[in-house]
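Below is one structure, written out as structure tokens; the observations come after it.
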Amino acid sequence: MRTTLNLAIAAALLATGACARRDRAVTETPPPATEAPAASTTNEDNVGLVELPGSQADLVAKAGSDTIYFGTDKSDVDAASQKTLGAQAKWMLANPAARASIEGHCDERGTREYNMALGERRANTARDYLVSQGVPAARLLVTSWGKERPVATGSDESAWAQNRRAVTVVVK
């Protein structure tokens, strides 16, 4: 009986001691907040996402896009793509430590071999344009995914148009 009473007293002391510590923690003033380095947000809702300099998000935010699009069976760079690649080149020149992989993609039509070759031509065309704008070729890799990595599913012109692309991907 005495053991039970001692246990009850010990439990009561622990409970009140824990409450007192919790109350003390709540009433203490928190340490002053340190200011984070300035960074720009990546969305309009301003939920705290930041673009790190030299990151993929920074490229998209400053160049406007990491993707250019092509016509069916085409690998030439049109005026809209030149504008996008020009902005990407400026970003690459402003971030001399950044390297990029230019990834060529195709729609689902055609053989695997044909699409791998077409994806490589698309990536090479984009790379060549970036090099013509002053980006060192040694900082640019070329990869073809052919039709293996579509961004849009479906077998219609809308899906195919989204999949005929070259994407500039920042690599470490």
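A few points about this structure:
- Top-ranked residue of region 62-96 - restricted to ones that are surrounded by 18 or more Cβ atoms within 10 Å (Cβ to Cβ) and part of a loop (DSSP other than H, G, I, E, B), ranked as nearest to the chain's Cα centre (by Cα): Asp66
- Of all the numbered requirements in (1) touching a helix residue (DSSP H, G or I) at 6+ places or on another chain (Cβ under 7 Å); (2) at pLDDT 95 or above, Thr153 misses one, and that requirement is (2).
- In region 28-75, residue farthest from Glu108 (Cα to Cα) [restricted to those that are at pLDDT 55 or above and among the charged types (D, E, K, R)]: Asp45
- Pair list, Cβ < 8 Å and 6+ apart or interchain, from region 68-89 residues that are aromatic (Phe, Trp, Tyr) to residues that are assigned to a loop (DSSP other than H, G, I, E, B): Tyr69/Arg164; Phe70/Asp76; Phe70/Arg164
The values are calculated or read from the model by the stated rules, or taken from the named source; none is laboratory data. Worth saying up front: this structure is predicted, and the values here are computed from it rather than measured. All Cβ positions, glycine included, derive from the backbone under ideal geometry; neighbour counts span all protein chains shown.
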